[in-house]
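Student: Let me begin by handing over the structure; questions about it come next.
Just so it is clear, none of the values below were taken in a lab; they were calculated from the coordinates. None of the values given here were measured: they were computed from a predicted structure. Please note: Cβ atoms are built from the backbone with ideal geometry, for glycine as well, and neighbour counts cover all protein chains shown.
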Amino acid sequence: MAAMVTLAKPLTGAVVAPVASGGALSPNAGKSSQLLVSCRRWQGRYRTVVNVESTGSRFVVRASDGEGLGSAADAGGNSIVLEVAGLPEEPETEGIGNLAPPTSSPRKPSPLAKGGTLDGPQAEGKAPAAATLGKTSPALSLGTFDDPRWKNGTWDLSQFTTDGKTDWDAVIDAEVVRRKILETNPVSSNNEDEVVFDTSIVPWWAWVKRFHLPEAELLNGRAAMIGYASGWLVDAATGIGLVDQQNSFFGKLLLFISVVGVLAIRKTSDVDTIRDLAKESTYYDKQWQATWKDAKDPEKSDAL
Amino acid sequence: MASLQAVITASPASFAASSRAVSSHSETAAVLVPCASISSRGVSTSCLGFVASSGRNASLKSFEGLRGLNASGPAGGCAAETLAKGGIETFLIERKLDNAKPCGGAIPLCMVGEFDLPPEIIDRKVTKMKMISPSNVAVDVGKTLNDDEYIGMVRREVLDSFLRERAQKNGASIINGLFLRMEVPKDNDSPYRLHYTNFDGSSKIGTPAVLEVDAVIGADGANSRVAKDIDAGEYDYAIAFQERIKIPEDKMEYYENLAEMYVGDDVSPDFYGWVFPKCDHVAVGTGTVINKPAIKKYQTATRNRAKDKIAGGKIIRVEAHPIPEHPRPRRASDRVALVGDAAGYVTKCSGEGIYFAAKSGRMCAEAIVEGSANGTRMIDESDLRTYLDKWDKKYWATYKVLDILQKVFYRSNPAREAFVEMCADDYVQKMTFDSYLYKVVVPGNPLDDLKLAVNTIGSLIRANALRKESEKMTV
């Protein structure tokens, strides 16, 4: 009855062929009715699901083959589980906009498709990480992390040292490679080889030298160019020299704005980012205060 | 630091509304019984069939002192107990009295004391946690706990029935029934009419009945019908997906009193994956808000990350449920208030909801008891707003801090790496556990706070620098 209704709703790309007549299940039937659901090809494998048994009020779904739910990294769907509940498959997610559009069918979108207060593509969210989808670049997917300088869950600094001087840049490079490999091909974490690496073993000046200084140079260069150009233009326009330009409050204000601007806004999209951040920081507060907006007596909670 | 609990509450049957039957293959009788949330069509046909033959009315008592409660997880149970102790006639409508609701199952220490929970309810006392970053940096958390501090792991069916029975002992009436809908009265004195299907055994599919009450507390979870009936509005929600896996004995020893948290883009784009020990098996799960259709891929990734530790296990149950992300726009309306998940009181970052459900149930009930002077006069919306006001004042800081933590540390892989790195610090662990276990936002030592701030910024900068560098790589 209701059971059949739920399962027999056709999934996108699935064809339901009830073997039992009419697809009706009498609740007292002790025998099982076979429901063959052929799902469309998913990651190259054809899956048939399921032996649906209805015994009284129990509703058991068991996979007919012992295969797991498939694996993003293809590395373990079979190894863990001996018996898995076979769940009807969903179409493969390829990012936003690949799901059945909710407007075409009058059916209410499922909880997996709608997003509460969001709808449309915003509700469907961003595409999963490449690792989740199993899409990795061929070079990286071949690589597993295997570096002889990695000992006991951290970098063996003695191998980076020559004549008593540690090459921190090489440590940073090695760690970057390690993280990249592991983020694209996540590996199971196990207790024998625990990773204990902490980025703070690389001293602060190494970080400053490698990352901060080049960027500081860049930004200062920009600021200098903009500053010189605008100083020249103002001088040409008004005859006020560089020193006198900054003596007024207005001049100082403009200077401040340009310095902050150069630091904060590097690309045009940064403006949107900053605006979104500002909105985001107060969004949660607004959601909590929503209940007070339509209060009959305007007793706003002081804590918010 | 995030605490480890992800709460997935309320009946799996209501989640079966999705076209994908993520059904728990267990005793969910909702399959054969028309469940209100599956389709409204299903409900009306069954109701229409029986309306002709006697809708059984609850006998009308005097208007003072009739309250109704909807559904009973921890919120409903605690609210009913407080109402009953306050001398108010309370009815608790619960669809399935032995329901094993999908849930992470972790409760803070303060809950045991505040709600007088007996020790038998707690299956396991978790005293160690492991946080695992995207690049598998593993940090052990919990060395700052003293000997009698722990995170309790409970089975929801055990906890819920204990609270319910305690409410019953104090005078609440438990109705085994399925709440269908509620008629909102036009004026301040008429009662609310609750339509429900009574499973009193006289018929296999239950008899429709009506209960008239003066006030309603909606404690019916994330898919609350009461909320729908009062137009409480929508909330954003995460889908949490969990598999219970029975692993071999020697592997189970590792999880004796240890829980794990995995973070990473592969595991979830905005939440975490977990392995929590239960009574004799582990629960492995994950959740997400922004990419719900890919939840099964995230679950596979979580299983893969824990593969070595759960190899040879057998999945004994699969469950999933929505978890609210923020409160509903309207949490109280006339004489109806929402508590627990129905109101949306689940924290961000950790997804904790059991304690807040129980506490909000209690606070709402206390407000009603006070507002009605122990059941002698009718309440109105301002009494319920008192509860909202107290709640917001007391817990706003907790929710906001966790929101900030989620926004900062669950943003991207570098942020998560920094997060795990920060968790190695003793001060962070102490602060986190103090605030989680006792539900107070502790201010701490300002000098240490400053050091913490500097370290946090440092970790974030370093992790992001590594990420920028890796993007330049063409390997």
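Student: If you average 1/r over every pair of different alpha-carbon atoms in the range B:326-382 and take one over that average, what Kirkwood value in Å do you get?
Tutor: Details: mean 1/r = 0.0827 Å⁻¹.
Every distinct Cα pair counted, the radius reaches 12.1 Å.
Student: For the range B:360-449, what does the relative contact order come out to in percent, with C-alpha contacts under 8 Å and a separation of six or more?
Tutor: Normalised by residue count, the contact order of the range B:360-449 is 18 percent.
Student: Under 30 Å between alpha carbons, and skipping anything fewer than 8 positions from A:Lys267 in its own chain: which lysines qualify?
Tutor: Reachable lysines: A:Lys126, A:Lys135, A:Lys180, A:Lys209, A:Lys252, A:Lys279, A:Lys286, B:Lys407, B:Lys468, B:Lys472.
Student: Taking 0.36 nm per intervening residue step and subtracting the Cα-Cα distance, what contour gain separates A:Ala223 from A:Val208 on full extension?
Tutor: 3.4 nm
Student: Related question: Just the number, please: Stokes-Einstein D of the range B:162-270 in µm²/s, Kirkwood Rh from C-alpha pairs, 10 °C, 1.306 mPa s.
Tutor: Answer, rounded: 85 µm²/s.
Student: Taking neighbour Cβ counts within 10 Å as the exposure measure, how do A:Thr291, B:Thr207 sort from fewest upward? Kindly include the intermediate steps, with their values, before the conclusion.
Tutor: Numbers: A:Thr291 24, B:Thr207 18.
So the residues, fewest neighbours to most, are B:Thr207, A:Thr291.
Student: Shifting gears a bit: What percent does the relative contact order of the range B:188-298 come to when contacts are Cα pairs within less than 8 Å and at least six residues apart? Numbers along the way, then the final one.
Tutor: Working: 155 pairs, mean separation 22.7, N = 111.
With pairs under 8 Å counted, the relative contact order is 20 percent.
Student: Here's another thing I want to ask about it. With each label point set 7 Å from Cα along the Cα-Cβ vector, what nm distance links B:Glu183 and B:Cys279?
Tutor: About 4.3 nm separates the two model spin labels.
Student: Same structure, new question: Calculate, in whole percent, how much of the Cα-Cα pair population of the range A:207-292 lies beyond 21 Å.
Tutor: Of the Cα pairs, 53 percent sit more than 21 Å apart.
Student: For the pair B:Ser412 and A:Asp270, how long in nm is the line joining their label points, each one 7 Å along Cα→Cβ?
Tutor: In this crude label model, B:Ser412 to A:Asp270 measures out at 1.4 nm.
Student: Now for a different question. Restricting attention to the range B:381-418, which trypsin sites (Lys or Arg not before Pro) occupy a DSSP loop and are surrounded by at most 16 other Cβ atoms within 10 Å?
Tutor: Answer in residue order: B:Arg411.
Student: Based solely on C-alpha atoms, express the radius of gyration and the Dmax of the range B:314-461 in angstrom.
Tutor: 19.1, 61
Student: Return P(r) of the range B:70-174 (all Cα-Cα pairs; 10 Å bins starting at 0; whole %; ordered from short to long distances).
Tutor: Pairs per bin, as whole percents: 14, 37, 27, 14, 6, 1.
Student: Enumerate by residue number the GluC sites (Glu not before Pro) in the range B:209-261 meeting two conditions: DSSP loop (anything except H, G, I, E, B), and at most 14 other Cβ atoms within 10 Å of the site's Cβ.
Tutor: The qualifying sites are B:Glu256.
Student: Based solely on C-alpha atoms, express the radius of gyration and the Dmax of the range A:210-252 in angstrom.
Tutor: Here Rg and the maximum Cα pair distance are 13.5, 43 Å.
Student: Can you give the direction-averaged projected area of the convex hull of the alpha-carbon atoms in the range A:139-202, in nm²?
Tutor: The Cα convex hull of the range A:139-202, projected and averaged over all directions, gives 4.7 nm².
Student: Tell me the trypsin sites (Lys or Arg not before Pro) within the range B:66-166 that lie in a loop according to DSSP and have at most 15 other beta-carbon atoms within 10 Å.
Tutor: Here the sparse-neighbourhood loop sites are B:Lys143.
Student: Moving on to the next point. Average projected area of the Cα convex hull of the range B:221-286, in nm²?
Tutor: Values: hull surface 24.1 nm².
In nm², the orientation-averaged hull projection of the range B:221-286 is 6.0.
Student: Which of A:Ser230, A:Gly241, A:Val208 sits farthest toward the positive end of the charge dipole of the range A:207-292, with +1 on the Cβ of Lys and Arg and -1 on the Cβ of Asp and Glu?
Tutor: Going by the charge dipole, the pick is A:Val208.
Student: While we're on this one: Using alpha carbons only, what's the Rg to Rh ratio of the range A:133-254 with Rh from Kirkwood? Walk me through the numbers on the way to the answer.
Tutor: Values: Rg = 24.4 Å, Rh = 19.1 Å.
Expressed as Rg/Rh, it is 1.28.
Student: With a bin width of 5 angstrom, please list the P(r) values of the range B:407-473 as percents of all Cα-Cα pairs, from the 0 bin to the one holding the largest distance.
Tutor: 4, 16, 22, 22, 18, 9, 5, 3, 1, 0
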